[in-house]
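J.: One structure coming up, written as structure tokens, with questions to follow.
Just so it is clear, none of the values below were taken in a lab; they were calculated from the coordinates. From a predicted model like this one, the values you see are computed outputs, not experimental measurements. FYI the Cβ positions are ideal-geometry reconstructions off the backbone, even for glycines, and counts take in every protein chain you see.
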Amino acid sequence: MGRKPQKNDSLPGSLDMLILRTLSRRDLHGYGIVQFIQQSSDDELLVEEGSLYPALQRLELNGWIEGEWGLTPNKRKARIYRITAAGRKQLGLETRKYAKLTLAIARVMGAE
Amino acid sequence: MFWRRLKYWKVRAQREESLREEMELHIGERAAQLRDGGMTPDRALAEARRQFGNMGLKQEESREIWMTRLGSELVQDIRYGLRAMAANKVFSAMAILSLALGIGANTAIFSFMDSLLLRSLPVSNPETLAVLNWRAPSGNGRDSVVHGGSGSIWAAQIDRTMNQEIILARLCTAFAMVALLIACVGLYGTMAYTVARRTVEIGIRMALGAPRGAVVWMVLREVFALAAAGLAIGVPVALGASRFIESFLFGVKPNSPIEVVLAMAILLSAALLAGYAPARKASRIDPMIAVRHE
């Protein structure tokens, strides 16, 4: 495996945002979400696979995503998740919060 | 969120099985990918499991997300109801008393109604009665019930006896209806008063982002608390009243617990209806106006 990709715990709560962002592009099952986050971050972010499921349950409880049993593109049975309207709203909220946070960190790091 | 949680509670066994299957499929998919990368099937599966982490623990975490907060929300609701009642003692006491009276009277009367109106006849062995066509010598024909076919009782006499019972039953029904009405009016009045008094508070809650449903629920849980207190007093009253009625009606026994439960359910839905109107009104409050309303 070579270099160990970083686990996503540097920013608490950002896993929710990453999942919502992933699902806002297309409906996916749990495994697909892990793969997507890993690939689109050039293998920098590796979601701890087991931890994904409590996060999905939490998002579902809040009504931000909905899961339904179906088939993946390569014909595997899986629970496919879809983002809801409330989920998109939440994604917007968290994206803004995240942008503010990173900007603030960048300011501190850039301060003389 | 409350309803989603309640729904989960109902199907939690299925949901847990579903989650377990979902996790297994995930591991299967990872293992398949590792096999494609050249691992032996056994090693691939072991590696997939290792990467996934502690499945039982993750399942436990998922379950807690749905369950523990349900419990704490319930506790919160109960405490809120008690606090609201304590803040408004006189009106709460009135509402509880009228509800208790309504529930008590209705349950007691309802439990006798069936046997009083439909089953019993004021004779000792109703099953030995026979229906006879009786033709009196005077010439006016009449259908009536005569004991044992002896023909010794006049039809008019039976009618008179029955009449008394029926009038008593009707009176009781009317009384029960009035009691129910009073209970509902009392509850409606209490809740309408509470909502009016708390207009500013509700306005602030909504201005801070409380959704309509949360405001309706806030008022309704107070109704529930009042109804529960009314029930707690009303049911013993009903049982006592049943004994009392039993003592002066000959040969009539109160009916099965199912009917008592049914009577209470009717009462509770009536109370809920009476409470829903003020709750709805509370949710229509315009925060802009409410906050300025002093």
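J.: Kindly state, to the nearest 0.05, the FRET efficiency for B:Val75 paired with B:Lys7, given R0 = 22 Å and r defined as their beta-carbon distance.
T.: 0.65
J.: Could you compute the FRET efficiency for B:Arg83 and A:Ala86, with r as their C-beta to C-beta distance and R0 at 35 Å, rounded to 0.05?
T.: The computed FRET efficiency comes out at 0.70.
J.: When only Cα pairs under 8 Å and 6 or more residues apart are kept, what is the percent relative contact order across region B:2-71?
T.: It comes to 42 percent, rounded to a whole number.
J.: For A:Thr22, B:Thr190, B:Thr40, A:Thr95, which order do you get if you count the other beta carbons within 10 Å of each Cβ and list the fewest first?
T.: Lowest count first: B:Thr40, A:Thr95, A:Thr22, B:Thr190.
J.: A follow-up question, please. Fewest Cβ neighbours within 10 Å first, please rank B:Thr107, A:Thr84 accordingly.
T.: Lowest to highest Cβ neighbour count: A:Thr84, B:Thr107.
J.: Please go through the residue pairs A:Lys77/B:Lys7; A:Lys89/B:Lys7; A:Lys75/A:Lys97; A:Lys77/A:Lys97 and name each one whose alpha carbons sit more than 30 Å apart in this structure.
T.: Result: A:Lys75/A:Lys97; A:Lys77/A:Lys97 exceed 30 Å.
J.: Sticking with this one: Could you list B:Trp217, A:Trp69 in order of exposure, starting from the residue whose Cβ has the fewest other Cβ atoms within 10 Å?
T.: A:Trp69, B:Trp217
J.: Now for a different question. Starting from region A:29-112, pick out the trypsin sites (Lys or Arg not before Pro) whose DSSP state is loop and whose Cβ has at most 10 other Cβ atoms within 10 Å.
T.: Those that pass, being in a loop and sparsely packed, are A:Lys75.
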